[in-house]
Amino acid sequence: MKEDLPELVRLRASLFEDLGGKYFNPASAGDDWRHHLAEVLGDQLATDSARILVVDGDEGLAACGIGTVEQWFPGPHNINGRVGHVIGVVTDPAHRRRGHSRAIMRALLDWFREREASRVDLYASPEGEPLYRALGFVDHPDPALYWRP
């Protein structure tokens, strides 16, 4: 899997390019984030709290998906406190509409079940939203807010 790191970085970069805008692709970011991403991906390959799935293409990767499970504080709405996150599912444009994202998502959902995640969160692009809804994802009851220091 370590040999896939450059391709994983390429696919993640293509996701941010597709999403665009000042939030996902700020001009000030430069390329340093790619080096940091490769480091974190390499580190996460050795943990049980992350799952990185790939689909091989003819030259490089056709698609990838990343999931993580975090331990939060339990509550009545989250009995064990284990929350899954789909960090991103990306398919190379030359390999789209072949079911790669659906296959990756099904495998990630199985992995989340094995890890006893009480729920799985994700942020959907407009293109990916129909797939996620077809797999059972619904609107989150809490508003999504963020803060940057």
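Couple of notes before you dig in:
- Relative to one another, the C-alpha centroids of segment 28-90 and segment 103-149 are positioned 12 Å apart.
- Among [x] -0.48, -0.64, -1.22; [y] -0.45, -0.64, -1.58; [z] -0.39, -0.55, -1.40, the entry that matches log10 I(q)/I(0) by the Debye sum over Cα atoms at q = 0.11, 0.13, 0.21 Å⁻¹ as calculated here: [y]
- Residue-level accessible surface for Ser118, protein heavy atoms, 1.4 Å, Å²: 60
- Segment 1-142: relative contact order in percent, alpha carbon pairs under 8 Å with at least 6 residues between: 20
- Residue order for Trp33, Trp147 - accessible surface, 1.4 angstrom probe, largest first: Trp147, Trp33
- For segment 1-73: rounded, prolate or oblate by the Cα gyration tensor [a/c cutoff 1.5]: oblate
- Heavy-atom accessible area with a 1.4 Å probe sorts Phe16, Phe73, largest first, into Phe73, Phe16.
- Multiplying the residue separation of Arg96 and Phe24 by 0.36 nm and removing their Cα-Cα distance gives an extension gain of 23.8 nm.
- On a per residue basis, the chain carries 66 Å² of accessible surface, using protein heavy atoms and a 1.4 Å probe.
- Span-like helix ranges in the chain, DSSP H, alpha carbon extent 15 angstrom or more, Kyte mean at least -0.5: 5-19, 100-114
- The share of accessible area on segment 35-100 that comes from carbon and sulfur is 53 percent, using a 1.4 angstrom probe.
The values are calculated or read from the model by the stated rules, or taken from the named source; none is laboratory data. As the structure is a computational prediction, the values presented were derived from the model and not from experiment. When the accessible area is computed, the model is the full protein with side chains, heavy atoms only, and any ligands, DNA or RNA have been set aside. Shrake-Rupley method; radii C 1.70, N 1.55, O 1.52, S 1.80 Å.
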